[in-house]
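Below is one structure, written out as structure tokens; comments come after it.
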Amino acid sequence: MQIQASSLLWRSLKSIAIAVALVGSAHAQITLNSIDRGRYSEYGTHIFGDYDSYLTGQVATVEFRSFTVFDTSAVTNPVTAAQLRLFLPQGSFFSFSSTETLKIFDVSTSVSSLTAPQFSAVSIFNDLGSGTQFGSATLRESNEGSFIEVALNNSFLNYINTSAPDIFALGGALSSISGIFDQYAYFGSGSGNPADGRTQLVLWTNPAQGTTPVPEPSTYGLIGAGVLLAAVAVRRRLAARKA
């Protein structure tokens, strides 16, 4: 009888351990700051003033598209979910509409060409707003001072897990531009340091990379409650058998 009770307790504790492991792994993530970023005008210019600023949209009738570059060489496990985070500074959004739509695309232009000084590189400007769409987000003035979080879709997951080079770029364009009026986001977004944490790629992998995640305080509570419940269940079963 004691052996059966011990077996029941062991099975209960094993189930709790598995649940705790799942809770811990769900919080594991990798956050990568961009290593470069910038903007292109519709005339294909990418010069000193365009470096580091990820201005996207239309200013004085000229459209701009942006790019961010990430180094994922440290990511070795399959990516199961991803998110692009772009900080929207105060005063950097303007639109006559209440919202604008930002779309994120793949970039076929080589990173070396993308980040070099360019004049009349209209094909690169076009590349930043066409091809495979990886996600989209709705922008509002109320978002200023916070991060815009763009959930990246299955097309991106397939790309990063199968064909993406270690260093690659993502393109950004406002798809809601209409007319000749100003409609833009991320105006004045450069800081002189593209790795400043304003533009981030967040990845979740399975299995999680790095050290085993440290359980949160709530998880320790789950462990304690689970052990207590298992012990109570064993005690009740033993009492019922004696009766």
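The values are calculated or read from the model by the stated rules, or taken from the named source; none is laboratory data. Remember, it's a predicted structure, so these values are computed and weren't measured experimentally. Backbone-built Cβ (ideal geometry, glycine too); neighbour counts: all protein chains shown. SASA here: full protein model, heavy atoms, side chains in, ligands and nucleic acids out. Shrake-Rupley method; radii C 1.70, N 1.55, O 1.52, S 1.80 Å.
Observations, loosely collected:
- When the stretch 56-83 is limited to residues that are of a type in the set (A, V, I, L, M) and under 19 Å from the mean Cα position of the chain (by Cα), the one that is farthest from residue 204 (Cα to Cα) turns out to be 69.
- Test: residue 109 is β-branched (Val, Ile, Thr) and more than 18 Å from the chain's Cα centre (by Cα): yes
- The one condition in (1) more than 18 Å from the chain's Cα centre (by Cα); (2) open to solvent by 30 Å² or more (accessible area, probe 1.4 Å) that residue 149 fails to fulfil: (1)
- Residue in the stretch 74-85 that is in contact with a Pro (Cβ under 7 Å, 6 or more places away or on another chain), farther than 21 Å from residue 185 by Cα and touching a residue at least 12 places away in the same chain (Cβ under 8 Å) present: yes
- The residues of the stretch 104-121 that are crowded, with 17+ Cβ neighbours inside 10 Å and either among the aromatic types (Phe, Trp, Tyr) or in contact with a helix residue (DSSP H, G or I) (Cβ under 7 Å, 6 or more places away or on another chain) (or both), listed by number, are 105, 106, 107, 109, 114, 118.
- In the set (1) surrounded by 15 or more Cβ atoms within 10 Å (Cβ to Cβ); (2) at pLDDT below 95; (3) not in a loop (DSSP other than H, G, I, E, B), the condition left unmet by residue 176 is number (3).
- Count of the stretch 127-144 residues which are assigned to a loop (DSSP other than H, G, I, E, B), over 21 Å from residue 169 (Cβ atoms) and in contact with a strand residue (DSSP E or B) (Cβ under 7 Å, 6 or more places away or on another chain): 1
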